[in-house]
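The values are calculated or read from the model by the stated rules, or taken from the named source; none is laboratory data. The model shown is predicted, which means the values in this text are computed figures rather than measured ones. As a convention, Cβ positions derive from the backbone with ideal geometry for all residues, glycine included, and neighbour counts pool all protein chains shown. Remember, those area values only see protein heavy atoms, side chains included, never the ligands or the DNA or RNA. Shrake-Rupley method; radii C 1.70, N 1.55, O 1.52, S 1.80 Å.
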Amino acid sequence: MDLEAVCKRSALHAKPRGLILQYGTAGFRTNAQHLDHIMFRMGLLAVLRSKQTRSTIGVMVTASHNPEEDNGVKLVDPLGEMLAPSWEEHATCLASAEEQDVPQVLAAIVEKEAVDLTQTAFIVIARDTRPSSEKLSQSVIDGVTVLGGQFHDYGLLTTPQLHYMVYCRNSGGRYGQATVEGYCQKLSKAFVDLTNQVSCSGDVKRSVKVDCANGIGALKLREMEHYFSRGLSVLLFNDGTEGRLNHLCGADFVKSQQKPPQGMEMKSGERCCSFDGDADRIVYYYCDADGHFHLIDGDKIATLISSFLKELLLEIGESLNLGVVQTAYANGSSTRYLEEVMKVPVYCTKTGVKHLHHKAQEFDIGVYFEANGHGTALFSEAVEVKIKRLAQELDDGKGKAARMLASIIDLFNQAAGDAISDMLVIEAILALKGLTVQQWDAIYVDLPNRQLKVKVADRRVISTTDAERQAVTPPGLQEAINDLVKKYTLARAFVRPSGTEDIVRVYAEANSQESADRLAYEVSLLVFQLAGGIGERPQPTF
């Protein structure tokens, strides 16, 4: 490791003095003009991680659902997963080091992780469509090359596509071919095989409107559309030809604002969905005959998918360990439906897709989605092998069910969530079950809920346990929340500190919107009073 060369190159990507950023669930994210040094240093770190794991490592330049002027970066581990927690700490330490300390930090990582510097390193890089992404990708490449790493720049990809490329390269081709064409062919073949099972009496030509958030998803859907065009017509909106990335559109906007994106006309009963800027989230929605907007978020997506998987397993006669993983933000109606009606076990983790992903890996088949539409289904390697063997060996109804399940396994890009993959799975299941979007939505009725946030002097005053559903500190807060919840029917509420700013997030749900709003307001007042609220006191929203 030529530390002198690193110092010289690092000086060309100098860190603004005193700037501290933390590697979170989604990597680093901030205004693009503050990221040059971060990108260079993540190139360095990717090389060390590649040498340590003796695997290809991915670097994705994106800020997902953030505004266009932001950007970010995250590293992808060998199996297409998010970076290991211990290396997240190295990323934060390296990114925050003052210029003169970079060599020592690198040397400390090498020593602590027993990195064999004689190993070769190979890095794959991709970026989203932000104006700043190309230049920032070059900064990553500078970091890779100064440490002697080799690289392949894929250029424009969705985040899940880069996860796919990393996994393909590290599985010796077993998972698929590490090209855009390989990705398109794998997903579209599985989709076509699955939808070929739809009875002829069903809707032969289905269509869905897709809001692409003016992001990379539009480019990539256009590249693969012809592969499955006979079974599904995809109508693209907010495709990047005009309008700003994630501005008044995209999955995050639709979920948080509970209304359609700008630039999309919706007729009654039409199936519509939105991606986010890097196409790793998806939410569905429609308008009813009275013009009312209905959102179908990650909870109902997880319910549709897990219910269908259970039906197939029952048909095959296999008692595999199927589990659904949610966060505290999952609507209580979804949890009750899964546990009491579908008899599918549900587990709760801390917020952040990496926590759901790790829990889902404990099952033969683990389905996880955050309410924001970020999620997927994971299948253990043993299950994949077993199902594909049964698909070849069995005939009659069991064989058909096994082949359908095998296609679903191939459809899921087992990254941390893929909007394109998820959309194809959803469209196939709806076609196979003959469900309209309204019938899907009617599986259960969401409990009314409200999310608020309270500014505090120091968010660390709040600590939680039980997957963030119970506050441990400050003393007396949880007991007071419990007393408020008892006043309402089918109610629950929790508070958790933000991971990035000094605010506390409040969630409440109850059997009516007025009750949910009142409970959220009352809990917000408690947080303001007991956890050092600053600025204006919370105001009622009802």
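Key figures for this structure:
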{"quantity": "Single condition His65 does not satisfy, out of (1) touching a strand residue (DSSP E or B) at 6+ places or on another chain (Cβ under 8 Å); (2) part of a loop (DSSP other than H, G, I, E, B); (3) within 24 Å of Leu157 (Cα to Cα)", "calculated": "(1)"}
{"quantity": "Given (1) within 26 Å of the chain's Cα centre (by Cα); (2) closer than 24 Å to Glu427 by Cβ; (3) outside any strand (DSSP E or B); (4) of a type in the set (D, E, K, R), index of the condition Arg174 fails", "calculated": "(2)"}
{"quantity": "Qualifying positions in the stretch 1-59 - in contact with a Gly (Cβ under 7 Å, 6 or more places away or on another chain), open to solvent by less than 30 Å² (accessible area, probe 1.4 Å) and not aliphatic (A, V, I, L, M)", "calculated": "Gly24, Gly27, Phe28, Phe40, Arg41, Gly43, Ser50"}
{"quantity": "Residue count for the stretch 255-272, restricted to those that are outside any loop (DSSP other than H, G, I, E, B) and either in contact with a Gly (Cβ under 9 Å, 6 or more places away or on another chain) or of a type in the set (D, E, K, R) (or both)", "calculated": "2"}
{"quantity": "Which listed residue, of Glu522, Glu514, Glu501, is assigned to a helix (DSSP H, G or I), open to solvent by 30 Å² or more (accessible area, probe 1.4 Å) and farther than 13 Å from Ala480 by Cβ", "calculated": "Glu514"}
{"quantity": "Filtered residues of the stretch 203-215 (kept if of a type in the set (S, T, N, Q) and at pLDDT 95 or above)", "calculated": "Asn214"}
{"quantity": "Options Asp297, Asp364; residue that is modelled with pLDDT of 95 or more and crowded, with 22+ Cβ neighbours inside 10 Å", "calculated": "Asp297"}
{"quantity": "Criterion violated by Ala406 - all others in (1) in contact (Cβ under 8 Å) with a residue 40 or more places away in the chain; (2) under 25 Å from Glu81 (Cα atoms) satisfied", "calculated": "(1)"}
{"quantity": "Identity of the residue in the stretch 216-265, crowded, with 21+ Cβ neighbours inside 10 Å and on the phi > 0 side of the Ramachandran plot, that ends up modelled with the lowest pLDDT", "calculated": "Asn246"}
{"quantity": "Any chance Asp410 is under 24 Å from the mean Cα position of the chain (by Cα), over 30 Å from Ala516 (Cβ atoms) and surrounded by 19 or more Cβ atoms within 10 Å (Cβ to Cβ)", "calculated": "yes"}
{"quantity": "Extreme residue, nearest to Ala213 (Cα to Cα), among residues of the stretch 27-62 that are part of a helix (DSSP H, G or I) and of a type in the set (Val, Ile, Thr)", "calculated": "Ile38"}
{"quantity": "Identity of the residue in the stretch 266-294, among the aliphatic types (A, V, I, L, M) and in contact (Cβ under 8 Å) with a residue 40 or more places away in the chain, that ends up surrounded by the fewest Cβ atoms within 10 Å (Cβ to Cβ)", "calculated": "Met266"}
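For (1) of a type in the set (A, V, I, L, M); (2) within 19 Å of the chain's Cα centre (by Cα), each residue gets a yes or a no:
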| position | (1), (2) |
| --- | --- |
| Gly352 | no, yes |
| Leu356 | yes, yes |
| Lys359 | no, yes |
| Glu362 | no, yes |
| Tyr368 | no, yes |
| Leu378 | yes, yes |
| Val385 | yes, no |
| Lys388 | no, no |
| Glu393 | no, no |
